[in-house]
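Okay, so here's the structure we're looking at.
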Amino acid sequence: MVVIWRSAVVCALGAAFGSASVGHAQVRGPSQLPRVGDRVRVIAPTIRDDRYVGTVESLPRDSITLDTAGVRRRLGFDTGPVLVEEFRRVTLPTSAIQSIDISTGRTHKRSTIKGAILGALGGAALFGLTNLPEVNPGFEDFVDGAVVGVVVGAVAGGIVGYLLGGEKWQSFYRAGVLPP
(Lines give C-alpha, C1' and ligand atoms only; values in the text may rest on other atoms or scores of the structure.)
Protein backbone atom coordinates (compact mmCIF):
# COMPACT_ATOMS: atom_id res chain seq x y z
CA MET A 1 0.00 0.00 0.00
CA VAL A 2 2.84 2.41 0.90
CA VAL A 3 4.59 1.66 -2.40
CA ILE A 4 1.45 2.49 -4.37
CA TRP A 5 0.99 5.73 -2.38
CA ARG A 6 4.61 6.82 -2.99
CA SER A 7 4.43 6.08 -6.71
CA ALA A 8 1.15 8.02 -6.99
CA VAL A 9 2.71 11.04 -5.27
CA VAL A 10 5.82 10.85 -7.47
CA CYS A 11 3.68 10.62 -10.63
CA ALA A 12 1.50 13.53 -9.53
CA LEU A 13 4.52 15.71 -8.75
CA GLY A 14 6.20 14.78 -12.03
CA ALA A 15 3.06 15.63 -13.99
CA ALA A 16 2.63 18.92 -12.15
CA PHE A 17 6.22 20.05 -12.67
CA GLY A 18 6.34 18.73 -16.23
CA SER A 19 3.20 20.58 -17.28
CA ALA A 20 4.31 23.75 -15.50
CA SER A 21 7.63 23.79 -17.34
CA VAL A 22 5.94 23.13 -20.70
CA GLY A 23 3.38 25.87 -20.03
CA HIS A 24 6.09 28.29 -18.97
CA ALA A 25 8.17 27.56 -22.07
CA GLN A 26 5.23 28.40 -24.33
CA VAL A 27 4.33 31.72 -22.69
CA ARG A 28 7.35 33.97 -22.57
CA GLY A 29 7.02 37.53 -21.45
CA PRO A 30 6.65 39.51 -18.27
CA SER A 31 5.10 37.62 -15.38
CA GLN A 32 3.74 40.92 -14.04
CA LEU A 33 2.47 43.78 -16.20
CA PRO A 34 2.28 47.50 -15.38
CA ARG A 35 -0.99 48.98 -14.15
CA VAL A 36 -3.59 50.61 -16.37
CA GLY A 37 -2.77 54.33 -16.66
CA ASP A 38 1.02 53.93 -16.32
CA ARG A 39 3.16 55.65 -18.96
CA VAL A 40 5.47 53.01 -20.40
CA ARG A 41 8.19 52.50 -22.99
CA VAL A 42 8.01 49.03 -24.54
CA ILE A 43 10.52 47.32 -26.83
CA ALA A 44 9.10 44.52 -28.99
CA PRO A 45 11.69 43.93 -31.76
CA THR A 46 9.74 41.15 -33.47
CA ILE A 47 6.93 43.62 -34.20
CA ARG A 48 8.80 46.91 -34.74
CA ASP A 49 12.42 48.04 -34.35
CA ASP A 50 11.45 51.36 -32.73
CA ARG A 51 10.12 51.68 -29.17
CA TYR A 52 6.46 52.06 -28.33
CA VAL A 53 5.83 54.89 -25.86
CA GLY A 54 2.37 55.41 -24.48
CA THR A 55 -0.12 54.96 -21.68
CA VAL A 56 -1.38 51.51 -20.73
CA GLU A 57 -5.02 51.54 -21.73
CA SER A 58 -6.01 47.95 -21.02
CA LEU A 59 -4.50 44.59 -20.18
CA PRO A 60 -6.31 41.87 -22.12
CA ARG A 61 -5.17 38.33 -21.48
CA ASP A 62 -1.63 37.70 -22.85
CA SER A 63 -1.28 41.22 -24.31
CA ILE A 64 -0.99 44.90 -23.44
CA THR A 65 -2.85 47.75 -25.17
CA LEU A 66 -1.14 51.15 -25.38
CA ASP A 67 -2.52 54.55 -26.28
CA THR A 68 0.46 56.09 -28.09
CA ALA A 69 -1.02 59.58 -28.42
CA GLY A 70 0.29 60.80 -25.08
CA VAL A 71 1.13 64.42 -25.86
CA ARG A 72 4.01 66.08 -24.05
CA ARG A 73 4.45 69.83 -23.97
CA ARG A 74 7.87 71.44 -24.33
CA LEU A 75 8.36 75.19 -24.44
CA GLY A 76 4.61 75.60 -24.93
CA PHE A 77 4.45 73.33 -27.99
CA ASP A 78 2.87 69.90 -28.30
CA THR A 79 5.68 67.46 -29.10
CA GLY A 80 3.57 64.37 -29.71
CA PRO A 81 2.99 63.11 -33.21
CA VAL A 82 -0.27 63.69 -35.01
CA LEU A 83 -1.70 60.21 -35.27
CA VAL A 84 -4.45 58.66 -37.30
CA GLU A 85 -7.03 57.25 -34.90
CA GLU A 86 -6.69 53.83 -36.52
CA PHE A 87 -2.99 53.59 -35.54
CA ARG A 88 -3.24 55.38 -32.19
CA ARG A 89 -3.87 52.25 -30.11
CA VAL A 90 -1.46 49.33 -30.28
CA THR A 91 -1.96 45.85 -28.84
CA LEU A 92 1.27 43.97 -28.19
CA PRO A 93 1.38 40.29 -27.24
CA THR A 94 3.35 39.75 -24.04
CA SER A 95 5.41 37.04 -25.73
CA ALA A 96 6.88 39.67 -28.11
CA ILE A 97 7.91 42.10 -25.35
CA GLN A 98 11.64 42.30 -24.72
CA SER A 99 11.60 45.11 -22.14
CA ILE A 100 9.25 47.48 -20.34
CA ASP A 101 10.26 50.76 -18.69
CA ILE A 102 7.90 52.85 -16.56
CA SER A 103 8.06 56.64 -16.48
CA THR A 104 8.84 58.10 -13.08
CA GLY A 105 8.06 61.63 -14.24
CA ARG A 106 9.88 64.55 -15.73
CA THR A 107 13.42 65.46 -14.79
CA HIS A 108 15.26 68.71 -15.37
CA LYS A 109 18.67 68.10 -13.79
CA ARG A 110 20.49 66.38 -16.66
CA SER A 111 19.06 68.61 -19.39
CA THR A 112 19.88 71.76 -17.37
CA ILE A 113 23.50 70.68 -16.91
CA LYS A 114 23.84 69.68 -20.57
CA GLY A 115 22.29 72.99 -21.69
CA ALA A 116 24.61 74.99 -19.41
CA ILE A 117 27.72 73.21 -20.74
CA LEU A 118 26.73 73.58 -24.40
CA GLY A 119 25.67 77.18 -23.82
CA ALA A 120 28.97 78.00 -22.10
CA LEU A 121 31.00 76.54 -24.97
CA GLY A 122 28.90 78.29 -27.60
CA GLY A 123 28.91 81.58 -25.68
CA ALA A 124 32.68 81.45 -25.22
CA ALA A 125 33.27 80.89 -28.93
CA LEU A 126 30.74 83.53 -30.02
CA PHE A 127 31.77 86.27 -27.58
CA GLY A 128 35.48 85.44 -27.97
CA LEU A 129 35.37 85.71 -31.75
CA THR A 130 33.25 88.87 -31.79
CA ASN A 131 35.56 90.59 -29.28
CA LEU A 132 38.59 90.36 -31.58
CA PRO A 133 39.83 93.74 -32.86
CA GLU A 134 40.24 94.30 -36.59
CA VAL A 135 43.93 95.16 -36.28
CA ASN A 136 46.40 92.79 -34.64
CA PRO A 137 44.01 90.38 -32.92
CA GLY A 138 45.60 88.26 -30.20
CA PHE A 139 44.68 85.32 -28.01
CA GLU A 140 44.27 87.65 -25.02
CA ASP A 141 41.50 89.50 -26.89
CA PHE A 142 39.73 86.19 -27.51
CA VAL A 143 40.01 85.18 -23.83
CA ASP A 144 38.61 88.54 -22.65
CA GLY A 145 35.47 87.99 -24.68
CA ALA A 146 35.29 84.26 -23.94
CA VAL A 147 35.11 84.82 -20.17
CA VAL A 148 31.97 86.90 -20.54
CA GLY A 149 30.61 84.45 -23.11
CA VAL A 150 31.02 81.48 -20.76
CA VAL A 151 28.85 83.13 -18.10
CA VAL A 152 26.17 84.43 -20.47
CA GLY A 153 26.07 81.18 -22.47
CA ALA A 154 25.89 78.97 -19.36
CA VAL A 155 22.95 80.93 -17.94
CA ALA A 156 21.07 80.99 -21.26
CA GLY A 157 21.81 77.31 -22.00
CA GLY A 158 20.81 76.26 -18.49
CA ILE A 159 17.46 78.03 -18.82
CA VAL A 160 16.74 76.42 -22.19
CA GLY A 161 17.84 73.00 -20.88
CA TYR A 162 15.57 73.33 -17.86
CA LEU A 163 12.59 74.24 -20.03
CA LEU A 164 13.19 71.30 -22.36
CA GLY A 165 13.52 68.78 -19.54
CA GLY A 166 13.26 65.08 -20.12
CA GLU A 167 11.51 61.97 -18.96
CA LYS A 168 13.05 59.62 -16.42
CA TRP A 169 12.52 55.88 -16.95
CA GLN A 170 12.75 53.01 -14.48
CA SER A 171 13.32 49.45 -15.66
CA PHE A 172 10.28 47.25 -15.01
CA TYR A 173 11.00 44.13 -17.05
CA ARG A 174 13.89 42.81 -19.13
CA ALA A 175 13.71 39.52 -21.07
CA GLY A 176 16.12 36.94 -19.77
CA VAL A 177 16.74 38.78 -16.49
CA LEU A 178 15.32 37.16 -13.40
CA PRO A 179 13.48 39.45 -10.97
CA PRO A 180 15.26 40.09 -7.63
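The values are calculated or read from the model by the stated rules, or taken from the named source; none is laboratory data. Model, not experiment: these values are computed from the prediction. Don't worry about glycine lacking a Cβ; one is built from the backbone with ideal geometry, like all the others, and counts go over all protein chains shown.
Values for this structure:
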{"quantity": "Flag if residue 40 is at pLDDT 90 or above and out of contact with any Phe, Trp or Tyr (no Cβ under 6 Å at 6 or more places or on another chain)", "calculated": "yes"}
{"quantity": "The range 48-64 - residue that is more than 12 Å from the chain's Cα centre (by Cα) and surrounded by 14 or more Cβ atoms within 10 Å (Cβ to Cβ) and, of those, nearest to residue 95 (Cα to Cα)", "calculated": "63"}
{"quantity": "Which numbered condition residue 125 misses (of (1) in the same structural domain as residue 68 (by TED's automatic domain parsing); (2) over 25 Å from the mean Cα position of the chain (by Cα); (3) not basic (Lys, Arg))", "calculated": "(1)"}
{"quantity": "Residue in the range 144-153 that is charged (D, E, K, R), assigned to a helix (DSSP H, G or I) and exposed (fewer than 12 other Cβ atoms within 10 Å of the Cβ) present", "calculated": "no"}
{"quantity": "Within the range 102-119, considering residues that are among the charged types (D, E, K, R) and either part of a helix (DSSP H, G or I) or buried (at least 18 other Cβ atoms within 10 Å of the Cβ) (or both), the one farthest from the chain's Cα centre (by Cα)", "calculated": "114"}
{"quantity": "So residue 99, is it surrounded by 15 or more Cβ atoms within 10 Å (Cβ to Cβ), touching a strand residue (DSSP E or B) at 6+ places or on another chain (Cβ under 6 Å) and over 30 Å from residue 60 (Cβ atoms)", "calculated": "no"}
